[in-house]
Ligand code: F6P
């Protein structure tokens, strides 16, 4: 049965008519304990969700929705390795990668932990060799530049986490990330680098992704142009993949390959071998701390009661706005420069996981699923798009993420940064009325323009400090939030069929672009675009 047909859902629909009249100003005035009641501390993470359009009745109905779909039973099934990715018939075991107590996890009757630990040991050894200069380039020079070539989950996780944890990174090494098939990305990234000092990490779960393989082949050419000996490849290329055959075909020795497995989805792969560039940057100990943070949140998610469970609460609030207020988007607003790629990372995590229309029971849904996620670090966003969040017609629930201690304290920058976080959520919640403006003698013609209606929902996630541990917790918080929403919408959060059609069409079109008199049988628009490109391209480039 579709979730929209259940009484738990219908009760929320009914409650929404009451909720239309909620005023955050009133809810706070009536209950001096509200902030305390609607907030939660877990380890070093404090979540204040009191500035949401909810009462205890709303929360009870939302908790009931979660119970109704057995969220935590389903979570346990995932952690235990049940094949919950039905459309691909796969287990979903990214949580085993951060199972730091090494508790056996069985898949098809076999404990997968020894394999996971063996790869991690290989990563430890290799990272240490790069960091201490033991691993040398082909001409004997020390490796200084590390370039991760990958896309989607094989790029966004490593680049986001490297940027987030730059404060902990080895400053003698330079890290770069190439993802786009646009040659500019690779050309600009390698422009001033010496191939003798450069290591390429080719990150691809499938090792068939066109962008990554094209970039990797061009990187190979760039390297060989200078080093002129195929033997150099073994010193300058390593692969992170599940596909040993393809890695070998590319010319990378199995000993230079770091394995992962089908039970790790691309967007959930940061703590697998895909995290190699990060481990080289921050060192194995800090990487272990990251895993410990992930694991702490995993345990909280599994064990905390629904009413005190951070990922579940965030998920339910998201459902409340997405499905009952028709909010189309939500914003992730980290007030931490180091987290500048976090919204982009979460975009893949959330939108590739839950941007679905068919349930696990093969029915078309009649409700909204995954929201559009976007965001930029504060305070930059304030001077760009916050106008619309404050005074536009759309409801945009926001997550504000901030840290109590700065990693680079400088004068009163941090107090100013945090003052902005607190001010923004206050302004969004309570706004400013016409009456208030009148007491300030604002001219009549500007009264409406300067009115802030308020009542705009936000969560504030306040963390002690950005560390490998807290980053692990934070990522896992969102991973599990996405999981819970997927369970409620009953979609397969671990497949991504929606990326396939474009890939297939591009392959056909590529042949047409390269063939002189190709017969174009697309619609008239696509034919016209292809023809226009070809008429402007020098004829000798066509075969
Ligand atoms: O965009 C589709 C996708 O399959 C993502 O899910 C994945 O993270 C990305 O491509 C890269 O895939 P691979 O790691 O296999 O190169």
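Could you calculate, for the stretch 438-543, the ratio of the Cα radius of gyration to the Kirkwood radius, expressed as Rg to Rh? All intermediate terms of the calculation are to be shown ahead of the outcome.
Values: Rg = 27.2 Å, Rh = 20.9 Å.
Using Cα coordinates only, the ratio equals 1.30.
Residues of the stretch 375-392 with backbone nitrogen within less than 18 Å of a virtual label 7 Å along the Cα-to-Cβ line of residue 426, please, listed as ranges.
Taking a point 7 Å out along Cα→Cβ of residue 426, the residues of the stretch 375-392 whose backbone N falls under 18 Å are 379, 382, 390.
In degrees between 0 and 90, to the nearest 10, how far off the longest principal axis of the chain does helix 7-19 point, with axes built from Cα atoms?
The answer is roughly 60 degrees.
How far, in nm, would the chain grow between residue 87 and residue 442 when pulled straight, counting 0.36 nm per residue and subtracting the alpha carbon separation?
Values: separation 355, 0.36 × 355 = 127.80 nm, distance 5.99 nm.
The residue 87-residue 442 span can extend by a further 121.8 nm.
By how many nm would the segment from residue 388 to residue 497 lengthen if fully extended, with 0.36 nm per residue of separation less the alpha-carbon distance?
Between residue 388 and residue 497, full extension yields an extra 35.9 nm.
Quick one: angle between helix 113-131 and the longest Cα principal axis of the chain, in degrees between 0 and 90, rounded to 10, please.
70
In percent, how large is the relative contact order of the chain, given Cα pairs closer than 8 Å and 6 or more residues apart?
With pairs under 8 Å counted, the relative contact order is 18 percent.
With each run of n ≥ 4 DSSP H residues scored as -39500 (n - 2.57), what mean residue ellipticity at 222 nm is computed for the chain after dividing by its residue count and rounding to the nearest 500 deg cm²/dmol?
Values: 21 runs with 234 residues, N = 543.
Result for the chain: -13000 deg cm²/dmol, rounded to the nearest 500.
With viscosity set to 1.306 mPa s at 10 °C, what whole-number translational diffusion coefficient in µm²/s follows for the stretch 1-109 from Stokes-Einstein and a Kirkwood radius over Cα pairs? If you can, show how the numbers build up before the last one.
Details: Rh = 17.3 Å.
Rounded, D is 92 µm²/s.
Each label point is 7 Å from the Cα along the Cα-to-Cβ direction; what then is the distance between the points at residue 362 and residue 505, in nm?
2.7
Regarding the chain, what whole-number volume in Å³ per residue does the convex hull of its Cα atoms give?
Numbers: hull volume 106.6 nm³, N = 543.
Here the figure is 196 Å³ per residue.
Of 497, 364, how do they rank once you tally other Cβ atoms within 10 Å and put the fewest first? Walk me through the intermediate numbers first.
Values: 497 11, 364 8.
Taking fewest neighbouring Cβ atoms as first place, the list is 364, 497.
Would you calculate the separation in nanometres between label points at residue 380 and residue 231, each defined as 7 Å from the Cα along the Cα-to-beta-carbon direction?
So the two model labels end up 4.6 nm from each other.
Take the alpha carbon gyration tensor of the stretch 412-488, find the square roots of its eigenvalues, order them as a ≥ b ≥ c, and report rounded if a/c is under 1.5; if not, report prolate when a/b exceeds b/c, else oblate.
On the way: a/c = 5.38, a/b = 1.93, b/c = 2.79.
Verdict is oblate for the stretch 412-488.
Please give the FRET efficiency for residue 6 paired with residue 249, using the beta carbon to beta carbon distance and R0 = 60 Å, rounded to the nearest 0.05.
Values: r = 50 Å, r/R0 = 0.83.
Working from the Cβ atoms, E equals 0.75.
So between residue 208 and residue 31, what do we pick up on full extension, going 0.36 nm a residue minus the alpha carbon distance? Don't jump to the answer; show the numbers that get you there.
On the way: separation 177, 0.36 × 177 = 63.72 nm, distance 5.72 nm.
Taking residue 208 through residue 31 to full extension adds about 58.0 nm, to one decimal.
For helix 468-489, what angle does its Cα long axis make with the longest principal axis of the chain, in degrees from 0 to 90 and rounded to 10?
Value to nearest ten degrees: 70.
What translational diffusion coefficient, to the nearest whole µm²/s, does the stretch 350-410 have by Stokes-Einstein, given a Kirkwood radius computed over alpha-carbon pairs, a temperature of 10 °C and 1.306 mPa s viscosity? Present the calculation step by step, with values, prior to reporting the outcome.
Numbers: Rh = 15.0 Å.
The calculation lands on 106 µm²/s.
Within the stretch 23-67, find all residues whose amide N lies under 20 Å from a label point positioned 7 Å from the Cα of residue 14 along Cα-to-beta-carbon.
54-67
Using a basic spin-label model with each label point 7 Å from the Cα along Cα→Cβ, how many nm lie between residue 43 and residue 110?
Distance between the two pseudo-spin positions: 3.1 nm.
With contacts defined as alpha carbon pairs under 8 Å and 6 or more residues apart, what's the relative contact order of the stretch 269-403 in percent? Let's see the in-between values first.
On the way: 133 pairs, mean separation 37.8, N = 135.
After rounding, I find 28 percent.
All of the numbers you see were taken from the coordinates with simple rules; none came from a lab. Only a predicted model underlies this, so the values are computations on that prediction, with no experimental measurement involved. With ideal geometry, Cβ positions are generated from the backbone for all residues, glycine too; neighbour counts draw on all protein chains shown.
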